[in-house]
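The values are calculated or read from the model by the stated rules, or taken from the named source; none is laboratory data. Quick caveat: nothing in here was measured; it's all calculated off a predicted structure. We place every Cβ from the backbone using ideal geometry, glycine too, and count neighbours over all the protein chains shown. With ligands, DNA and RNA removed, areas are computed over all heavy atoms of the protein, side chains included. Shrake-Rupley method; radii C 1.70, N 1.55, O 1.52, S 1.80 Å.
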Amino acid sequence: MRNNQAFLPASMSFSELGICPEILEAIEVLGFDTPSAIQQQAIPPALEGHDIVGLSHTGSGKTLAFSIPALENIDPSLRAVQVLCLAPTRELAVQICREVDKLALFLDGVSAVPIYGGASFAPQLAALHRGVQFVVGTPGRVIDLMEQGELSTENITTLILDEADEMLDMGFQEDIDRVVAMLPAERQTLFFSATMSPAIRALINRLSQEPKEITIERPVLTVPTCEQSVYEVVFTSRIEVLSRLIEMGRMKRGLVFANTKRVVDDVVDGLLARGYSVDRLHGDMPQTLRERVMDSFRRGNLNVLVATDIAARGLDIDDVDIVVNFELPRDPEDYVHRIGRTARAGRKGKAVTFIGRRDFSLLARIERFIGTRMQREKVMTAGQVEEARVEALVDDILEAAKKAPELPAELQDIELPAEQLMAAMFNLLVAKGSCELQAIPEDRPSRYNNKREAADGEPLSATEKGNDWSSLQESTTLFMNGGKLIGIRPKDIAGLLYNEGGAPKGSVGDIKIFLKHSLIEVTPAIAPQLVERLSTCSICGYEVNVREDKGKPEGNNRPTVHVRDRRTDSYPGRDNYRSERRERGGRFERSERYGATSRREKGERNERRERFDRRERDNNDERTPFFSRFSRKPRRN
């Protein structure tokens, strides 16, 4: 059964949803005025005991939608686990638990605890022994505690699955089934997901009974006039890349966001050392100083303002032309608030995000949340920065020339051709405006960069790109960060491409699996679709990402390792060994052939040992304790 939002009043209060007074009082303290769409549609049927399937995007208020009915069903007098909520990550588990504790503020005797791996068992076990009623946990740690008998399931009446699609993407399918198998059959299931795939539908059919399905349409979270791009940059290079953005004129007035106050201070100090007009804004600053900084930024005295998320929701500046995410925010909603500072009032804007190799999963989650794929860009080189500087200087000169300025008196007596004088002045301006650029790892050719040019300027051939193993006539190579270490087989990858990626039959060629990564050959037409659909996916229970491969590393600096071939019983240098043996008369001493001592050497060593033993037997002097530890015992005749 599907509920439609159109059947409910446009505006409704929480008191109209049938919530108990204690929870209503907590909601009022939290400052919530009206319920969101998912809360209006999910809370009433959940309070009636129905199973719920809520399809809604992150940040739509799902936590309250399932927490309020679950708290209503708890018996405060029973000191046992009655509600179990599964979440894909420990950060989300902690966040949900905090919201539940706030809602249970006026419910005497009701408490919640987060349970997740990577943390000590002691505080989690203490909470369970104390008699907590609401448990929010990740599947792995929940299973551990259930199997140890520490987490009792006999009193559980409500099962909640939050971000179910993300749990399946992370390979928690089997863990979810194991948890459900240990729960009572008579229970209420509240199921929330952002997407509906065949795997999600199958999970719903297994876990719920005649659920009421509620779908909330995703709103437009970002404006189309905001151009969003991503640079893959190591953390130590980001200040330099930020400087290059400023030098190329892309940051006339920009906002830079970081996650912590320490990073904000590091960025500001680095930019100030390079001579840029920049200041900071974070929670440790007194209010008067923050207002002074904001006023200076509004008046244009500052070109760059570096801030934490405390400034993302309160800034009211209309002419910010670029927003830079120095670090990805943990919450996708924070990303929306950050880039909302540009492209305002119908103007165009740009949002730039720096990511590292560990940020692909978080980036994919943000892209799913906003419903837009960001443009991947390469870091601008030092040559491109210099070229942009010169072009900007020429534009400024031409703009100033339109005002027909007079020749200064100091230059009127100089007897030089006008062209020579202009060239000298232009070179001086270029040198004066130049800022020394630092070398960063991104300046070097990428390890997998297949777009590099050969020394003569010609593109590399397919063999030089590492595609000599290709079986397709024309192909694109995809890279997957998973290989033999996690047990991937070619049929697993092929099934992923055909089933999840939607690749047509015959579009997948050779698949090469290495220790930690895999290379897949596909037709060029289907490559963009596969990269988009499989940017973050799950295979063999592990989360991986698929992207276009950039070729082999430039050069081959690997040491040559000679390995003996057991099938032919040969090894490098065998022929040389045989020829040398023939020259010496056909036989080698054992010491020369195998590195061991010869028979003659062994005989001499045994003779010396016997002489030493005879001398010791004839000598009746007392031995020192140290010497006795190393001496041989006399032989018995």
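Between rounded, prolate and oblate, where does region 45-113 land on the alpha carbon gyration tensor, with a ≥ b ≥ c its root eigenvalues, rounded for a/c under 1.5, else prolate if a/b exceeds b/c? Oblate is the answer for region 45-113, as a/c is 1.5 or above yet b/c matches or exceeds a/b.
Counting charges near Gly483 (Lys, Arg +1; Asp, Glu -1) among other residues having Cβ under 10 Å from its Cβ returns a value of +3.
Can you give the net charge of the other residues whose Cβ lies under 13 Å from the Cβ of Thr157, counting K and R as +1 and D and E as -1? Intermediate values should be presented prior to the final figure.
Numbers: positive: Arg187; negative: Asp51, Glu72, Asp75, Glu154, Glu186.
So the surrounding residues net to -4.
Sorted on the mean count of surrounding Cβ atoms within 10 Å across their residues, most packed first, peptides 481-490, 260-269 read 260-269, 481-490.
For region 229-277, what % of the accessible area comes from carbon and sulfur atoms, probe 1.4 Å? Summing carbon and sulfur atoms, their accessible area is 53 percent of the total for region 229-277.
Rounded to the nearest whole Å², what accessible area per residue is found for region 144-220 with the 1.4 Å probe? Don't skip to the end; give the middle numbers.
Working: 3650 Å² over 77 residues.
I get 47 Å² per residue for this part.
Over all orientations, region 8-145 has a Cα convex hull whose mean projected area works out to 8.5 square nanometres. Please work out whether region 78-226 counts as rounded, prolate or oblate from its C-alpha gyration tensor, where a ≥ b ≥ c are the square roots of the eigenvalues and a/c under 1.5 means rounded, while otherwise a/b larger than b/c means prolate and anything else oblate? Judged from the Cα gyration tensor, region 78-226 comes out prolate (a/c at least 1.5, a/b above b/c). Taking Cβ atoms as reference points and 15 Å as the exclusive limit, the residues near Ser111 contribute a net charge of -1, counting Lys and Arg as +1 and Asp and Glu as -1. Sorting Thr215, Thr477 by solvent-accessible area of protein heavy atoms yields Thr215, Thr477, largest first, with a 1.4 Å probe. Surface exposure of region 65-113, expressed per residue as accessible area with a 1.4 Å probe, stands at 38 Å².
The residues of region 319-404 have, on average, 50 Å² of accessible surface per residue, using a 1.4 Å probe with all protein chains present. Per-peptide packing, taken as the mean over residues of other Cβ atoms within 10 Å, places 125-135, 32-42 in the sequence 32-42, 125-135 from highest down.
How much length, in nm to one decimal, is gained on full extension between Leu411 and Thr288, taken as 0.36 nm per residue of separation minus their Cα-Cα distance? Provide the component values of the computation, followed by the final result.
Numbers: separation 123, 0.36 × 123 = 44.28 nm, distance 4.90 nm.
Contour length minus Cα-Cα distance gives 39.4 nm.
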